[in-house]
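Participant: Here you go, one structure.
Each reported figure results from applying straightforward, stated rules to the coordinates on display, with no laboratory input. If you're wondering where the values come from, they're calculated on a predicted model, not measured in any experiment. Cβ coordinates were reconstructed from backbone atoms using ideal geometry, including for glycine residues, and neighbour counts include every protein chain displayed.
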Amino acid sequence: MEKAKLFFGPAIIFEDALKGALFFGLDLISEPLFSSIMFSISLGQLINLRKKTRILIKKSSVLIGIPDFHGLLEENEIFL
């Protein structure tokens, strides 16, 4: 019986290439092609997770907070 595939569609080709590279002892961290592909996959999954966890509320806004690196704001003060 054949083992289950990790990916579906075109990603099956990448899975087979990844298994072959690991079998032959290729260092995937230092290999630019595999490193960039793995980064892209990770980034795509993080973006997908971010979309799935967003809770939409009617008539609301999205605020993004960042630190005040220059110390221009007083305590409990915000800039809009």
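Participant: Taking the Cα centre of the chain as the origin, how large is its charge dipole in debye, to the nearest 20, when only Lys and Arg (+1) and Asp and Glu (-1) carry charge on their Cβ atoms?
Facilitator: Magnitude of the dipole: close to 660 debye.
Participant: Can you give the extra length, in nm with one decimal, that the chain gains between Ile12 and Lys58 once fully stretched, where that is 0.36 nm per residue apart less the Cα-Cα distance?
Facilitator: Here the segment from Ile12 to Lys58 would lengthen by 12.5 nm.
Participant: Springs between alpha-carbon pairs under 10 angstrom, Gaussian network model over the chain: which of Leu49, Leu33, Leu63 fluctuates most?
Facilitator: Highest fluctuation among the options: Leu63.
Participant: So what's the back-of-envelope 222 nm ellipticity for the chain, counting only DSSP H runs of four-plus at -39500 (n - 2.57) apiece and dividing by all residues, rounded to 500?
Facilitator: So the calculated ellipticity at 222 nm is -14500 deg cm²/dmol.
Participant: If the viscosity is 1.002 mPa s and the temperature 20 °C, what translational diffusion coefficient in µm²/s does Stokes-Einstein give for the chain when Rh comes from Kirkwood over Cα pairs?
Facilitator: Approximately 123 µm²/s, per Stokes-Einstein.
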